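First comes the structure, then the notes that go with it.
The values are calculated or read from the model by the stated rules, or taken from the named source; none is laboratory data. If you're wondering where the values come from, they're calculated on a predicted model, not measured in any experiment. Cβ atoms come from the backbone with ideal geometry, glycine included; neighbour counts cover every protein chain shown.
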Amino acid sequence: MNYWLTAHGNACRLALRRLAAAPLNTLLSVLGIGIALALPAAVYLMLAHAGTLAQGRPATPQLTVFLAIDADRKAAQAVAAKLKAEPAVAGTELLAREETLARMKASGGLADAIGVLPKNPFPDAIVVTPADDAPAALEQLAATVRQWRDVEHVQVDADWARRLAALVRLAKTGMLLLAVLLGIGLLAIVFNTIRLQALTRRDEVEVSRLLGATDGFIRRPFLWHGTLLGLAGGLIAWLIVAAAILWLRLPVAELASLYGVDFMPALPGPRETAAMLGAAALLGWLGAALSIGQHLRHME
């Protein structure tokens, strides 16, 4: 165990010296890896926030039944009882017009306008949760309720949440494809970097083999070289994503507030950070393993 740790420690130090010996090449490789990782990471965080918004709203469609403005409370209760008796209805909630009026007065900018009205302009409403959210069943239930006495209008709510969830699923598929393509690009960057390192040290590798060095001993510094390149690129990607979020979070929050949504983009958490750095290091190691493995086979 001590020999294994010592061997890897020496290989890591050797890889660090090689990285420091070519600072410009190292910087360009790290920047290329960081930019390739930053785009899918930013898209993932954006989709995660969008998914949170979708989960915060009812994804199951609901029907809102608005009663006639002149319908009294007994009529509203009668319609609610009739709805509860429907097999296609899973639940109901009566929203009294007084509650609606109080809520609208509490919203900014509407209190003065509502105050000058001679009477409450809002009708009683009943929020209906259907037992079956299939589009055909919803339309059939809405058409049935529209024909009832004292019902003025029936509206299907939460369609936007279903559309948002569908868009998020589609965008996640696209993000996965983008991540795969950029991951292949990252492998190509590390592959070529390690290939140039191996070609530069071809004589050193041949002498090591003549002295009895195993392929594992020869591979080890190159594998650390690729891993450290990927890890540094992952750190650059995190910094790019964090800077973009800090720059855009206030404009995004202001835009969300215009739609009545309290939303503030957050920096990548520990789990996202660990996943980003781990994926970068793994891809760097894989690119180095492919490159040095091919080089050693060609030497044979």
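Here are some notes:
- Number of residues in the range 13-37 that are assigned to a helix (DSSP H, G or I), out of contact with any helix residue (DSSP H, G or I) (no Cβ under 8 Å at 6 or more places or on another chain) and farther than 25 Å from Ala242 by Cα equals 3.
- Subset of the range 93-121 (residues that are of a type in the set (Asp, Glu) and either surrounded by 13 or more Cβ atoms within 10 Å (Cβ to Cβ) or at pLDDT 70 or above (or both)): Glu93, Glu98, Glu99
- Criterion (modelled with pLDDT under 80 and either surrounded by fewer than 17 Cβ atoms within 10 Å (Cβ to Cβ) or under 37 Å from the mean Cα position of the chain (by Cα) (or both)) met by exactly one of Pro221, Pro265, Pro251, Pro270: Pro265
- The range 67-102, subset assigned to a helix (DSSP H, G or I) and polar (S, T, N, Q), residue farthest from Ile126 (Cα to Cα): Thr100
- Candidates Asp124, Asp132, Asp157 - the one that is modelled with pLDDT of 75 or more and touching a strand residue (DSSP E or B) at 6+ places or on another chain (Cβ under 8 Å): Asp124
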